[in-house]
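Where a number appears in this text, it was derived from the coordinates with a stated rule and is not lab data. This one's a predicted model, so the numbers in the text were calculated from it and none came from an experiment. Every residue, glycine as well, gets a Cβ built from its backbone with ideal geometry; the counts of neighbours run over all protein chains shown.
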Amino acid sequence: MRTKFFCACLVATVLGPLHSLTANPLDKVMPVRGFCIAAPRPQGLERFIKFIDEDLAPRGVNTLVLRVDYNYQFESHPELRDDNALSREDVKKLVAVCRKDHIHLIPQVNMLGHQSGGKSLGSLLKHYPEFDETPWVKMPEKYKWPNADGLYCKSYCPLHPKVHEVVFGVMDELCDVFETDSFHAGMDEVFYIGEAKCPRCGGKDKAELFAGEVKAIHDHLQAKGRHLWIWCDRLLDAAATGLGEWEASTNGTSRAIDLIPKDVVLCDWHYDQDVPTAPYLAIKGFHVITCPWKSSQLAVCQAQDMAQWRSRSPKEMKDRFDGVMQTVWSGTGSFLDRDYNSKPEATNSWNCFKAMFEEINKLPQKTE
């Protein structure tokens, strides 16, 4: 038993994030088969655990990214806790079912961007307003887009001297309680960065600021033997790709792709069209995971693309195409109430997931 455990740990150390220690014919054609969703609230925990055990695991899911943010009863920073948050005992139940089902469990907290939503500040800026990159932009009584302030979501200032003391404390505590070797830091849709009126960031290169924050988070995790995952839209150039300001950057952060560590795992999301950005990211030296949302047809194409890139690429590149991850952008309860019980022809995350994983499970036969 000790020899097997040592060998598994050695493989994980050499190859990077530990996805599964079990042999599965899908591992060669689609090493990462993921599902990303908000962490459940305590009252929905048992139902969600049943969903993991009876729906995700049997289909071959081996990676679960849970968007936790402040839905946890933090001890390091209790002021940041949501009112209705998971306890340590709740999280240990999630850890147990994922361990039993050989699922790599990864918590996410939005770093840098997504520090507000609609007309409300997120927990970090609510309790630490001094971290706000744009304190002069006031939250509206009624939110609409577009608006004169260009407010989509607030960002924290990456150069504030005390911000990492707080966010790294949260990050470390979550990684410890989730018993994980990986952490997802979000980093998507960062519209506010390097603002001219910021006393610390004003006039600085936005790509260097973004890369600096990625590297700071990466280095902190690496020192503890952990891996960093992020959404990678800010590393794509909107003008060069023809993508909009949501899927790619219009504010100069895309050059950060040449400034960040190559072992950061990039989650490449495209929800409306089959965009071949994964090969670009792989050529740059990164491990890439393609992420659909609610289009079943698109998700099937994306899974096929990933399998083909793995099979056709030179050996130097092929293992950088890690796989796919279904994303869900609603609360866990509403997802299970609505999408999970929808008609088969409905356009939503659950039917998208089922279609994609039906295709994935055909891949070993197709490659024989």
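In debye to the nearest 20, how big a dipole does the stretch 32-72 give about its Cα centre with +1 on each Lys and Arg Cβ and -1 on each Asp and Glu Cβ?
Using Cβ point charges on Lys, Arg, Asp and Glu, the stretch 32-72 gives about 80 debye.
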| remark: Note to self, the chain gives a 222 nm [θ] from helices alone (DSSP H runs n ≥ 4, -39500 (n - 2.57) apiece, / all residues, nearest 500) of -9500 deg cm²/dmol
| request: Given the peptides 71-82, 212-223, arrange them by the average over their residues of other C-beta atoms within 10 Å, most packed first. | output: 212-223, 71-82
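In which sequence would T134, T250 go, from the one with the fewest C-beta neighbours within 10 Å to the one with the most? Before the final figure, lay out the partial values.
Numbers: T134 18, T250 14.
With the sparsest Cβ surroundings first, the list reads T250, T134.
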| message | Sort 344-353, 154-163 by packing, meaning the average of other beta carbons within 10 Å per residue, with the highest value first. | response | 154-163, 344-353
| query | Which lysines have a Cα less than 18 Å from the Cα of K28, not counting those fewer than 8 places away in the same chain? | reply | K315, K318, K362, K366
| task | Could you list the square roots of 5 times each eigenvalue of the Cα gyration tensor of the chain, that is, the equivalent ellipsoid semi-axes, sorted largest first and rounded to whole Å? | result | 31, 24, 22
| task | Enumerate the calculated ³J(HN,Hα) couplings along the stretch 275-283 in order (Karplus 6.51 cos²θ - 1.76 cosθ + 1.60, θ = phi - 60°), each rounded to whole Hz, writing x wherever the residue is Gly or Pro. | result | 9, x, 7, 4, x, 4, 5, 5, 4
| task | Starting with the fewest neighbours, write out W145, W246, W231 ranked by other beta-carbon atoms found within 10 Å of each beta-carbon. | result | W145, W246, W231
| If you build the Cα gyration tensor of the stretch 251-368 and take the root of 5 times each eigenvalue, what three semi-axes come out, in whole angstrom, biggest first? | 27, 19, 11
| query | Which ³J(HN,Hα) values in Hz, rounded to whole numbers, follow from the phi angles of the stretch 44-49 under the Karplus curve 6.51 cos²θ - 1.76 cosθ + 1.60, where θ = phi - 60° and Gly and Pro get x? | reply | x, 4, 5, 5, 5, 4
| task | Using the charge dipole of the chain (Lys, Arg: +1 at Cβ; Asp, Glu: -1 at Cβ; taken about the Cα centre), state which of M139, V95, C232 has its Cα farthest towards the positive end. | result | V95
| message | Can you give me the distance in nm between label points at T347 and K50, each placed 7 Å from the Cα along the Cα-to-Cβ direction? | response | 3.1
| Could you give the nm distance between label points at E245 and R312, where each point is 7 Å from its Cα heading toward the beta carbon? | 3.5
| query | Where in the stretch 242-285 does the amide nitrogen come within less than 15 Å of the point 7 Å from the Cα of Q297, taken along Cα to Cβ? | reply | 271-275
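Would you order Y280, Y70 from fewest to most other beta-carbon atoms within 10 Å of each residue's own beta-carbon?
Details: Y280 18, Y70 21.
By the 10 Å Cβ count, ascending: Y280, Y70.
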| request: Could you tell me how many degrees, from 0 to 90 and to the nearest 10, lie between the Cα long axis of helix 88-100 and the main elongation axis, the longest principal axis, of the Cα atoms of the chain? | output: 30
| Per Stokes-Einstein, at 4 °C and 1.567 mPa s, what whole-number D in µm² s⁻¹ belongs to the stretch 98-158, with the Kirkwood radius over Cα pairs as the hydrodynamic radius? | 98
| Once the Cα atoms of helix 206-222 and of the chain are each reduced to a long axis, what angle between those two axes, in degrees from 0 to 90 to the nearest 10, is obtained? | 60
| field | Top of S295, S249, S311 by mean-square fluctuation, Gaussian network on the chain, Cα under 10 Å | value | S311
| By per-residue mean of other Cβ atoms within 10 Å, what is the highest-first order of 288-294, 42-48? | 288-294, 42-48
| request: Collect residues whose amide H, placed 1.01 Å from N in the peptide plane, falls under 5 Å from the amide H of M111; neighbours closer than 5 in sequence don't count. | output: G186, M187
| Which of the listed residues, L105, P78, L124, is farthest toward the dipole's positive end in the stretch 73-131, when Lys, Arg count +1 and Asp, Glu count -1 at the beta-carbon? | L105
